[in-house]
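Structure, as structure tokens:
The values are calculated or read from the model by the stated rules, or taken from the named source; none is laboratory data. All values derive from a computational prediction rather than experimental measurement. Ideal geometry is used to build each Cβ from the backbone, glycine not excepted, and the neighbour counts take in all protein chains shown.
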Amino acid sequence: MLKTRPSGIVGMVVLALVVSAAIAGAIATPFDPTLVDFSSRLLPPSLRHWLGTDEWGRDVFSRLLSGAAITVSVAGMTTLLVTVFGALLGAFSGFVGGWFDRVVVALMDAFLAFPALVLAIAMTTVLAGSPVAPVIALAVAYMPYMVRVVRANVMTMRQRDFIAASKVMRNSAAFTLVRHIMPNTVAPVLVMATSLFGWALLAESALSFLGLGLAPPAASWGGMLADSRNYFADAPWLAIAPGVAISGALLGINLFGDFCRDYFDRKMKD
Amino acid sequence: MIRYAITRLALALPTIVIALFLIFALIRLIPGDPAQLILGETDDPAALARIRAELALDQPLAVQFYHWVTALGQGDFGKSISMESPVLDLLVPAMGVTASLVIPAVVLAAIMAVPLGMFAAWRQNTRTDTVVVALATVSLSIPSFWLGLMMLLLFGVQLDIFPVVGYISLTEDFTQGLHYLVLPVLTLALIEAGVLVRLARASTIEVLQLEYVAHARAKGLSESAVACRHVLPNVIGPTWIMIGLVLGGLLGGAVVIETVFSLPGLGRLMVEAVFARDYPVVQGCMVIVMLCYVGVNLMIELTAPVLCPALRYD
């Protein structure tokens, strides 16, 4: 499978790079990413500062690494929250049906009546100032997508013969759900989680670009892009580095996501 | 068909009501006195008492919600805290700006994407196809705000063709106004075209495998006749439906694009209101965005069976 889809390998390599950059950024960076040094303001890329310095004299490469740590962990935590709670809620709702299911569907439809980014922006007003604000805001905005996918999957599964067989064997509903239904939703959940990670990463960058992400001086890719606007003509490298980082990370995730979808599709057919 | 339309409309109503309740509940979720939040920094007890009475804060939540929705229905979106004017007066011009950005962007994206996707499908598994798919995947991966900044850097700063900051409305001076809209519209269209190219390509591949296409070719029709007469009508349907889904991305994308290009649209109004803690404006923007999003999706669902015969229900 990997041989026929080299783009899958490219995706994995890029993803691995992004995650290692995030880990490196959390542990150690060549320079202190928040250290202000006015004697080295707006320096172009050089051997000492690989990607130049910003308006506060901070090393852009170091900020890119520590920004990776923040962006990846916000996107990762959002994906984890949405996957765990969204999959549980979707599976339970689709399995029990009845009024509970109707309430969940109505509520999720109402959340889906807003573009995700707009909902996340509105949520940040409620959570203003909290360090977990971006994670919660994004999780609320993207939860309905996961609930919907898992619920639809469980609903179709419920009509399959092996579920009827489990009922005939007098297995409890909870046992059937955990033992027979949940394992069969792993593939769609994984595919969805990969897309979600990409959406969350993009949305986190958009939120911090708008100034609604984590508070400065913490570095985030979106925030670095926003700051670069004031020095556009004199220091274009400030706008190029974080943009390439976001686009590269997203490209990796998209390629990997496409690969996952094809892989599971083929497996389902076999 | 009419029955289908009525059912769809009836199904959308509860969604709209619950979504309105979510917007209404937003301000109640913020710790503190809602009247104080709506009035901003003030210690005038008379004004506070008036707002409390207006919001019916002593009544149950359901009654408060009813009051709020009926006021909305009459065009009363409340009063802006930071700009001291009725929220509706701020929303209407901002909506015009956002519409002049989003609508041309959708049209442009579809015009670029559908032929490109069909072309790639025709050449499936050739180098042309690979290049088109790769370009579409790259376009999916570039954040709109970065592409916008790069456009500004290239066409605004380096080549000096388009203005970098400011805005002139189309009604004020049409040609000047267009000048300010070219880059934002192009940015948004390029970003959203990626999804549409992939979709048009996938639909075309599906249609090309159908027997009637083989039949049309066997009749001796030229490839272009097969494409325009037989394949295109069946590709437009799914793409039309996809536009409804893309719109969510577009409205969200408009928020950031408006910030990049300093356009006074709905998105920028909302972000500024978030910073100013101007809750009535935030709520007003959300109501408008939600109604547009739900409305356009409804319209697309209702028109889809007309464009795409396979979707006809009766």
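Determine, yes or no, whether A:P217 is modelled with pLDDT of 85 or more and either away from chain B (no Cβ under 11 Å) or within 19 Å of the chain's Cα centre (by Cα) (or both). Outline the logic, then answer.
On the way: modelled with pLDDT of 85 or more: no; either away from chain B (no Cβ under 11 Å) or within 19 Å of the chain's Cα centre (by Cα) (or both): yes.
Considered against the rule, which asks whether it is modelled with pLDDT of 85 or more and either away from chain B (no Cβ under 11 Å) or within 19 Å of the chain's Cα centre (by Cα) (or both), A:P217 comes out as no.
Of all helices (runs of 4 or more DSSP H) completely enclosed by the stretch B:75-168, which ones contain at least 1 residues that are modelled with pLDDT of 85 or more, of a type in the set (V, I, T) and under 22 Å from A:N254 (Cα atoms)? Reasoning before the result, please.
On the way: elements: B:87-122, B:127-141, B:144-151.
Correct list: B:87-122, B:127-141.
For the stretch B:98-120, give me each residue that is farther than 16 Å from B:G237 by Cα, surrounded by fewer than 23 Cβ atoms within 10 Å (Cβ to Cβ) and in contact with a Ser or Thr (Cβ under 8 Å, 6 or more places away or on another chain).
Answer for the stretch B:98-120, where residues must be farther than 16 Å from B:G237 by Cα, surrounded by fewer than 23 Cβ atoms within 10 Å (Cβ to Cβ) and in contact with a Ser or Thr (Cβ under 8 Å, 6 or more places away or on another chain): just B:F119.
Please go through the stretch B:67-124 and give me each residue that is touching a residue at least 40 places away in the same chain (Cβ under 8 Å) and basic (K, R), ordered by number.
B:K79
Report yes if some residue within the stretch B:272-285 is at the interface with another protein chain (Cβ under 9 Å from one of its Cβ atoms), hydroxyl-bearing (S, T, Y) and more than 26 Å from B:G177 (Cα to Cα); otherwise report no.
Here is the first cut: in the stretch B:272-285, the residues at the interface with another protein chain (Cβ under 9 Å from one of its Cβ atoms) are B:273-275, B:277, B:279, B:282-283, B:285.
Pick out the ones that are also hydroxyl-bearing (S, T, Y) and you get B:279.
Imposing the further condition that a residue be more than 26 Å from B:G177 (Cα to Cα) reduces the set to B:279.
Within the stretch B:272-285, one or more residues are at the interface with another protein chain (Cβ under 9 Å from one of its Cβ atoms), hydroxyl-bearing (S, T, Y) and more than 26 Å from B:G177 (Cα to Cα).
If we only count helices (runs of 4 or more DSSP H) wholly inside the stretch A:58-177, which ones have 1 or more residues that are more than 11 Å from chain B (Cβ to nearest Cβ) and under 23 Å from B:T259 (Cα atoms)? Outline the logic, then answer.
Details: elements: A:60-81, A:87-96, A:98-111, A:116-126, A:133-158, A:161-168.
Those helices (runs of 4 or more DSSP H) span A:60-81, A:133-158.
Residue by residue, here is whether (1) without any contact (Cβ under 8 Å) to a residue 40 or more places away in the chain; (2) outside the structural domain of B:C292 (by TED's automatic domain parsing); (3) under 30 Å from B:V97 (Cα atoms) holds:
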{"site": "B:T204", "(1), (2), (3)": "no, no, no"}
{"site": "B:V207", "(1), (2), (3)": "yes, no, no"}
{"site": "B:H215", "(1), (2), (3)": "yes, no, no"}
{"site": "B:A225", "(1), (2), (3)": "yes, no, no"}
{"site": "B:L232", "(1), (2), (3)": "no, no, no"}
{"site": "B:G244", "(1), (2), (3)": "no, no, yes"}
{"site": "B:L250", "(1), (2), (3)": "no, no, yes"}
{"site": "B:S262", "(1), (2), (3)": "no, no, yes"}
{"site": "B:M270", "(1), (2), (3)": "yes, no, yes"}
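Which residue, of B:V231, B:V213, is crowded, with 21+ Cβ neighbours inside 10 Å, farther than 27 Å from B:I288 by Cα, away from chain A (no Cβ under 14 Å) and of a type in the set (A, V, I, L, M)?
On the way: B:V213 fails: crowded, with 21+ Cβ neighbours inside 10 Å.
Exactly one of B:V231, B:V213 is crowded, with 21+ Cβ neighbours inside 10 Å, farther than 27 Å from B:I288 by Cα, away from chain A (no Cβ under 14 Å) and of a type in the set (A, V, I, L, M), namely B:V231.
Run down A:L250, A:L196, A:L207, A:L202 and say which single residue is within 22 Å of B:M151 (Cβ to Cβ), touching a helix residue (DSSP H, G or I) at 6+ places or on another chain (Cβ under 8 Å), more than 8 Å from every other protein chain (Cβ to nearest Cβ) and not basic (K, R).
Numbers: A:L250 fails: more than 8 Å from every other protein chain (Cβ to nearest Cβ); A:L196 fails: within 22 Å of B:M151 (Cβ to Cβ); A:L202 fails: more than 8 Å from every other protein chain (Cβ to nearest Cβ).
On inspection, the qualifying residue turns out to be A:L207.
How about the stretch B:70-121: which of its residues are touching a strand residue (DSSP E or B) at 6+ places or on another chain (Cβ under 9 Å) and closer than 23 Å to B:V255 by Cα?
B:F77, B:G78, B:K79, B:S80, B:S85, B:P86, B:V87
Does any residue of the stretch B:156-163 turn out to be in contact (Cβ under 8 Å) with a residue 24 or more places away in the chain and crowded, with 20+ Cβ neighbours inside 10 Å?
Restricting attention to the stretch B:156-163, the residues satisfying the condition of being in contact (Cβ under 8 Å) with a residue 24 or more places away in the chain are B:156.
When the remaining residues are screened for being crowded, with 20+ Cβ neighbours inside 10 Å, the result is none.
The answer is no; no qualifying residue exists.
Against the conditions (1) within 13 Å of chain A (Cβ to nearest Cβ); (2) surrounded by fewer than 20 Cβ atoms within 10 Å (Cβ to Cβ); (3) small (G, A, S), where does B:G148 fall short? Just the number, please.
All conditions are met except number (2).
What are the residues in the stretch B:261-277 that are surrounded by fewer than 24 Cβ atoms within 10 Å (Cβ to Cβ) and either farther than 30 Å from B:G32 by Cβ or touching a strand residue (DSSP E or B) at 6+ places or on another chain (Cβ under 7 Å) (or both), if any? Give the derivation first.
Narrowing the stretch B:261-277 to residues surrounded by fewer than 24 Cβ atoms within 10 Å (Cβ to Cβ): B:262-264, B:271-272, B:274-277.
Those that are surrounded by fewer than 24 Cβ atoms within 10 Å (Cβ to Cβ) and either farther than 30 Å from B:G32 by Cβ or touching a strand residue (DSSP E or B) at 6+ places or on another chain (Cβ under 7 Å) (or both): B:S262, B:L263.
Any residue at all in the stretch B:32-42 that is loosely packed, with under 14 Cβ neighbours inside 10 Å and hydrophobic (A, V, I, L, M, F, W, C)?
Looking for residues that are loosely packed, with under 14 Cβ neighbours inside 10 Å and hydrophobic (A, V, I, L, M, F, W, C), one finds none in the stretch B:32-42, hence no.
When the stretch A:213-252 is examined, which residues are found to be closer than 11 Å to A:T71 by Cα and of a type in the set (V, I, T)?
Once the filter is applied, which keeps residues that are closer than 11 Å to A:T71 by Cα and of a type in the set (V, I, T), the stretch A:213-252 yields only A:I246.
Among the residues of the stretch A:47-63, which ones are within 13 Å of A:A235 (Cβ to Cβ) and either surrounded by fewer than 22 Cβ atoms within 10 Å (Cβ to Cβ) or not hydroxyl-bearing (S, T, Y) (or both)?
To start, the set of residues in the stretch A:47-63 that are within 13 Å of A:A235 (Cβ to Cβ) comprises A:49, A:51-58, A:60.
Within the stretch A:47-63, A:H49, A:L51, A:G52, A:D54, A:E55, A:W56, A:G57, A:R58, A:V60 qualify.
Among the residues of the stretch A:241-270, what is the count of those that are outside any helix (DSSP H, G or I) and closer than 21 Å to A:V13 by Cβ?
Within the stretch A:241-270, the first condition is being outside any helix (DSSP H, G or I), and the residues that meet it are A:270.
Okay, now just the ones that are also closer than 21 Å to A:V13 by Cβ, so none.
Summing the residues that are outside any helix (DSSP H, G or I) and closer than 21 Å to A:V13 by Cβ in the stretch A:241-270 gives 0.
Kindly list the number of the only condition in (1) over 30 Å from B:L170 (Cα atoms); (2) among the β-branched types (V, I, T); (3) at pLDDT below 80 that fails for B:I23.
Evaluating B:I23 over (1) over 30 Å from B:L170 (Cα atoms); (2) among the β-branched types (V, I, T); (3) at pLDDT below 80 leaves (3) as the failure.
Inspect all residues belonging to the stretch B:283-296 and state whether any of them is surrounded by fewer than 22 Cβ atoms within 10 Å (Cβ to Cβ), of a type outside the set (A, V, I, L, M, F, W, C) and not in a helix (DSSP H, G or I).
For the stretch B:283-296, residues surrounded by fewer than 22 Cβ atoms within 10 Å (Cβ to Cβ), of a type outside the set (A, V, I, L, M, F, W, C) and not in a helix (DSSP H, G or I): absent.
Whether any residue in the stretch A:77-98 is of a type in the set (S, T, Y), surrounded by fewer than 15 Cβ atoms within 10 Å (Cβ to Cβ) and more than 19 Å from A:G222 (Cα to Cα) is what I want to check. Step through it out loud before you land on a result.
Residues of the stretch A:77-98 that are of a type in the set (S, T, Y), as a first pass: A:78-79, A:83, A:93.
In the following step, the residues that additionally are surrounded by fewer than 15 Cβ atoms within 10 Å (Cβ to Cβ) were identified as none.
No, there is no match, as no residue in the stretch A:77-98 is of a type in the set (S, T, Y), surrounded by fewer than 15 Cβ atoms within 10 Å (Cβ to Cβ) and more than 19 Å from A:G222 (Cα to Cα).
Mind listing whichever residues of the stretch A:220-240 are part of a helix (DSSP H, G or I) and free of Cβ contacts under 8 Å to residues at least 12 places away in the same chain?
A:R229, A:I240
Tell me yes or no: at least one residue of the stretch B:50-62 is surrounded by 11 or more Cβ atoms within 10 Å (Cβ to Cβ), in a helix (DSSP H, G or I) and among the small types (G, A, S).
Step one: of the stretch B:50-62, the residues surrounded by 11 or more Cβ atoms within 10 Å (Cβ to Cβ) are B:50-57, B:59, B:61.
With in a helix (DSSP H, G or I) added as a condition, the list becomes B:50-55, B:61.
Narrowing the set further to residues that are among the small types (G, A, S) leaves B:53.
Yes; the residues of the stretch B:50-62 include at least one that is surrounded by 11 or more Cβ atoms within 10 Å (Cβ to Cβ), in a helix (DSSP H, G or I) and among the small types (G, A, S).
Is the stretch A:164-171 home to any residue that is more than 20 Å from the chain's Cα centre (by Cα), on the phi > 0 side of the Ramachandran plot and of a type outside the set (A, V, I, L, M)? Show your work before the answer.
So the first thing to find is which residues in the stretch A:164-171 are more than 20 Å from the chain's Cα centre (by Cα), and the list is A:164-171.
If we keep only those that are on the phi > 0 side of the Ramachandran plot too, we end up with A:170.
Narrowing the set further to residues that are of a type outside the set (A, V, I, L, M) leaves A:170.
Scanning the stretch A:164-171, I find at least one residue that is more than 20 Å from the chain's Cα centre (by Cα), on the phi > 0 side of the Ramachandran plot and of a type outside the set (A, V, I, L, M), so the answer is yes.
In the stretch B:156-179, is there at least one residue being of a type in the set (A, V, I, L, M) and within 17 Å of B:I111 (Cα to Cα)? Working first, answer last.
Keep residues of the stretch B:156-179 that are of a type in the set (A, V, I, L, M), which gives B:157, B:159, B:161, B:164-165, B:168, B:170, B:178.
Now restrict to residues that are within 17 Å of B:I111 (Cα to Cα): none.
Looking through the stretch B:156-179, none of the residues is of a type in the set (A, V, I, L, M) and within 17 Å of B:I111 (Cα to Cα).
Identify the residue in the stretch A:222-235 that is touching a Ser or Thr at 6+ places or on another chain (Cβ under 8 Å) and facing chain B (nearest Cβ under 9 Å) and, among all such residues, is surrounded by the fewest Cβ atoms within 10 Å (Cβ to Cβ). I'd like the intermediate steps shown before the answer.
Going residue by residue through the stretch A:222-235, those that are touching a Ser or Thr at 6+ places or on another chain (Cβ under 8 Å) are A:222-223, A:225-226, A:235.
Restricting the remaining residues to those that are facing chain B (nearest Cβ under 9 Å) gives A:222, A:225-226.
Details: A:G222: 30, A:L225: 27, A:A226: 23.
It comes out as A:A226.
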